[in-house]
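Shown next, in C-alpha cells, is the structure this report addresses.
The values are calculated or read from the model by the stated rules, or taken from the named source; none is laboratory data. Here the structure is a predicted model, which is why all the values come from computation and not from measurement. Here the Cβ positions follow ideal geometry from the backbone for every residue, glycine too, while neighbour counts run over all protein chains shown. We work out accessible area using only protein heavy atoms, side chains counted, and drop any ligands, DNA or RNA first. Shrake-Rupley method; radii C 1.70, N 1.55, O 1.52, S 1.80 Å.
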Amino acid sequence: MSRKVFSGDTTYFPGVGQIQYEGPGSDNPLAFKTYDPSRIVAGKTMEEHLRFAVCYWHSFCATGSDPFGPGTRVLPWTVSGDPKASATEKLNAAFEFFTKLNVPYWCFHDFDLAWEGSSVAESENNLQTMVALAKERQDVTGMQLLWGTANVFSNPRYMNGAATNPNFEVLTYAASQVKAALDATVELGGQNYVFWGGREGYVCLQNTDTKRELEHFAMFLEKARDYGRSIGFEGTFLIEPKPMEPMKHQYDFDAQTVIGFLRHHGLAGDFKLNIEANHATLAGHSFAHDLRMSADAGLLGSIDANRGDPQNGWDTDQFPTDLYDCIHGMMVVLQAGGIGAGGLNFDAKVRRESTDINDLFIAHIGGMDSFARGLIIADRILKDPRFSELSSERYRSFDSGDGKRFENGELDLVTLRDLAAKNGEPEQVSARQELLENLINDHIARGDCQVK
C-alpha cells in the first residue's frame, strides 16, 4: 500500500517524492529496481513478507562521528538550545522520510524520540510529549510502530550495566526507563518490545558475580513482562544477542546462549529473539546461522537487517547489500513460515563519508532491493526439487528401520553398539556441498528476479 506522505512546516528532503518501483531497467537511484510492495511471492506480497522498518537512531540522530573525529553529517532538524523544538523537527523529518520511502514500520529508543530530563519524572514527561506527537503523525500517515525500546546503555550511569548492574539504584533507574518505554510502545500500538543488553555483561571476571547478575537479569525481564501485560501489551518481547562491544563479554552472546537463558528461566513463552546480522558475525557465526538456531527453537521474532565489514572486527552497521546473506537469510525465514509480527528493521547507518541528504534514501533503497532479490531467489531455490533432495537424502537412514526407531527413543546404547558390530564400517556418503552451492549460484545467475 502507499502511505500518505507526511508534510510538516519544513521539508527536509526537498525534491524527493515517494519512492516507486521502476524495475530493473531504471537507472534512477531514487527508485526500487526489485522491491515491489504488491508483488506476490510464496503466497504473500513482498510488503507482507519483509515488513520493512526504519530505525530512528542511526537515521536521524547519528552524525557520523567516530573515536577519531566529530560527525560529518549535518542534521538540519536540530534547533540549537531547544531540545523540544529539536525533537519535534526530528520527528517531522523522520515521518517525512518514512512515508517517502513508503515503508510500513519504524522503531525507536526512548531518548532518540525524546530528550533525557534531570529527573525520572521529567524524562517521563518529555517522552510522553513526543509520543503524543508521534501518535498524531501515525494517525495521519498510516505508519505503524514495529517496536520500541529503552536506551539503558549510553548514559554513564550504565557503565557497569543496567539490569545486571551491581548497584541496585542503577537497576531501578533502568526500570523507570523500561516502564516509560513500554508505556510509549503500547500507546503507539507497537507490535514488539526489544531488550538489547548493550552493557549487560562484564569486563573483569574476577570482580563480577556472574550467577547473581544473570539471576537479576532474568528477574528484571520477568517484571518487565508482567508490567507490559498488565497495561495491555499483547505483542512479543524480544532479546537481541550480541557477543561483546561495548562490554568485553555480554550475557546475550549469541542466539543459542539467549535461547538457553530464556528456557532456563522460564521466559521462552513471552520472549523471542531479534537477530541482527552484524551481531551474529561478531559472534563468529553467519547471519543465517543465528536465524536458523532461533527458528529451530520456535523463537525467531524479528530481524535487524545490516552487515559488518569482514576486514573490521567491530559493529560497523552497514546497509545490507550482500546478496548471499540476503538469500540465505530469507531461505531460513521462508522455511520457518515467516517472522510473524516481527520485521526487517534497518539497524544501519550511512557511512561517515556519505554526507548528502539523499544518501539516506539511497542506502535504504539498496537494502530493500537486496532483501527483495533475496526473497525471490530464496523462494525459487526452495521450490527446486534438487534442493530438497540434497537436504533430505543426507538423513534418509533416519526415515525408516532402526534409524527411525532411534529417533523414536526405542533403542538403548547397548542396542546401538550391537547394530554397529553387526553392520560394520559405514559407507562413506558425500555431503555434495559444492553441488548445493552451485545450485544457489545457478538461481542467482538466472537473473529473472523481475519475472512474475
Taking the alpha-carbon distance from K422 and a cut-off under 20 Å, which lysines remain once sequence neighbours fewer than 8 residues away in the same chain are dropped? K404
What are the equivalent ellipsoid semi-axes of the stretch 104-182, built from the alpha-carbon gyration tensor (square roots of five times its eigenvalues), in whole angstrom, biggest first? 26, 13, 9
Solvent-accessible heavy-atom area per residue, rounded to whole Å², over the chain at 1.4 Å: 46 Å²
Suppose the chain between F406 and E169 were pulled fully straight at 0.36 nm per residue; how much longer would it get relative to their current alpha carbon spacing? 80.0 nm
Taking a straight Cα-to-Cα line shorter than 17 Å from K100, and setting aside same-chain aspartates and glutamates fewer than 8 residues away, one finds D9, E22, D36, E47, E89, D139, D356, D359, D369
For the stretch 1-147, which whole-number percentage of the solvent-accessible area (1.4 Å probe, protein heavy atoms only) is attributable to carbon and sulfur atoms? 52 percent
Using the Cα centre of the chain as origin and beta-carbon charges of +1 (Lys, Arg) and -1 (Asp, Glu), tell me which of S26, G148, L419 is placed farthest towards the positive end of the dipole. S26
Per the stretch 270-322, sqrt(5λ) over the Cα gyration tensor eigenvalues, sorted largest first, in Å, gives 21, 11, 9
Each label sits 7 Å from Cα toward the beta-carbon; between R352 and T72 the label points are separated, in nm, by 0.8 nm
Given the stretch 330-404 reduced to its alpha-carbon atoms as identical point scatterers, what log10 I(q)/I(0) does the Debye formula return at q = 0.14, 0.19, 0.26, 0.28 Å⁻¹? -0.67, -0.91, -1.16, -1.23
At q = 0.11, 0.17, 0.22, 0.23 Å⁻¹, what base-10 log of I(q)/I(0) does the Debye formula yield for the stretch 341-452 when every alpha carbon is treated as an equal point scatterer in vacuo? -0.67, -0.97, -1.19, -1.23
Take the stretch 247-335, compute every pairwise Cα distance, and split them into 5 Å bins from 0; I just need the percent in each bin. 3, 14, 26, 24, 18, 11, 4, 1
What figure, in Å² to the nearest 10, do you get for the accessible area of E169 with a 1.4 Å probe and non-protein molecules left out? 130 Å²
So what is the calculated 222 nm ellipticity per residue for the chain, using -39500 (n - 2.57) for each DSSP H run with n of 4 or more, over all residues, to the nearest 500 deg cm²/dmol? -14000 deg cm²/dmol
What Kirkwood radius, in Å to one decimal, follows from the Cα pairs of the stretch 182-332? 16.1 Å
Need the full-extension length gain, L390 to Q433, defined as separation in residues times 0.36 nm minus the C-alpha distance. One decimal, nm. 14.6 nm
Sequence-distant lysines (8 or more away, or on other chains) whose Cα lies within less than 18 Å of K383: K44, K452
Computed D for the stretch 54-103, Stokes-Einstein, Kirkwood radius over alpha-carbon pairs, 25 °C, 0.890 mPa s, to the nearest µm² per second, is 208 µm²/s
Peptides 346-356, 433-443, 295-305: what's the order by average Cβ count within 10 Å, highest mean first? 295-305, 346-356, 433-443
Roughly how much of K242 is accessible, in Å² to the nearest 10, using a 1.4 Å probe? 10 Å²
From the residues G81, M46, T11, which one has its Cα farthest along the dipole of the stretch 1-110 in the positive direction, the dipole being from +1 and -1 charges on Cβ of Lys/Arg and Asp/Glu about the Cα centre? M46
At a probe size of 1.4 Å, how large is the accessible area of I327, to the nearest 10 Å²? 0 Å²
